[in-house]
Amino acid sequence: MAEVSVNATPNTQNIDLVVTLKAPLEKVFKAYTEKDQLAQWWSQGDPFDFDYYVPETGGKWRYVTRDADGNEFAFHGCIHEVAENERLIQTFEFEGLPEKGHVALERADFRAVSDNETEIKITSTFQSVEDRDGMIASGMEKGFRASIDALSELIEA
Amino acid sequence: MVEYNAQLDNIFISLADPTRRGILGRLMQGEVLSIGEIAKHYNLTFAAISKHIKVLEKAKLVTKQKRGLHQMVTICPETLHDADKYLKQYEALWKKRFDRLEIVANSQE
């Protein structure tokens, strides 16, 4: 099972996520950036559709999910850079927010730890601490992770 | 993708604010404090602290009882533990996602 490490230092704008997978770098990068493969692992079981996914420097993506009650949630972004087997830099915006423009920047770095191990480090940078915490309030997955620190701090105190 | 849950939303709105985290931290030490006593620790008016307490109350993180003229505030630790449990489940969900990614990657020709 993949070991995921999450770091969301209170009062910063970042959420960092690091995982090491038992698979070769080239294959992990492909699974991460090819539409059909991405859809297979990203979806958590709810119906999930890409409107478009253009994994290239200057590309873009948009997808919509539907929960059990039929509510739709749409996300989109632009792909700033695809450096094969090295990194993927893109923006990320949840379309359901009442105000436009709360865009996060996501940088994923890929590194071969060995022939059959790949480390992925994902850094999400929000425009402000409020934006990051706003993600928490909106219940988005990245936001959930941001609150883990605050919560465990309180519980362990 | 979106794990929408109004109760958790309220908890995270509560936790997103440093003053409210501070108040919770104080109350977690087992003390029952009046709003006035809490306000003394912050450079904020009684009304401002009252508002923060209302947010915490809505998230069911604290309860308020009248004791004479004072409103006494008590923490509800089980709410935090419920949220923590949920978050752990959520972390497991992310692990599952990466496990799937691993399988997808390894099933390539």
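Numerical summary
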{"read-out": "Amide hydrogen neighbours beyond the local backbone of B:Leu33, cut-off 5 Å, H modeled", "value": "B:Val73"}
{"read-out": "10 Å Cβ neighbours from other chains, averaged over peptide B:61-72", "value": "0"}
{"read-out": "Most to least packed among A:47-57, A:70-80 [average Cβ atoms within 10 Å]", "value": "A:70-80, A:47-57"}
{"read-out": "Members of A:Lys60/A:Lys100; A:Lys121/B:Lys95; A:Lys121/B:Lys96; B:Lys60/B:Lys96 lying beyond 21 Å, as alpha-carbon distances in this model show", "value": "B:Lys60/B:Lys96"}
{"read-out": "Segment A:Asn14-A:Lys121, extension gain: residue separation times 0.36 nm, minus the distance between their alpha carbons", "value": "37.3 nm"}
{"read-out": "Peptide-level mean, for A:31-42, of C-beta atoms on other protein chains within 10 Å", "value": "4"}
{"read-out": "Average beta carbon contacts from partner chains per residue of A:18-27, 10 Å cutoff", "value": "4"}
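Only the coordinates and a few stated rules stand behind these numbers; no lab work does. Bear in mind the structure is a predicted one, so any value in this text is a computation, not a measurement. Heads up, the Cβs are rebuilt from the backbone with ideal geometry, glycines too, and the neighbour counts pull from every protein chain shown.
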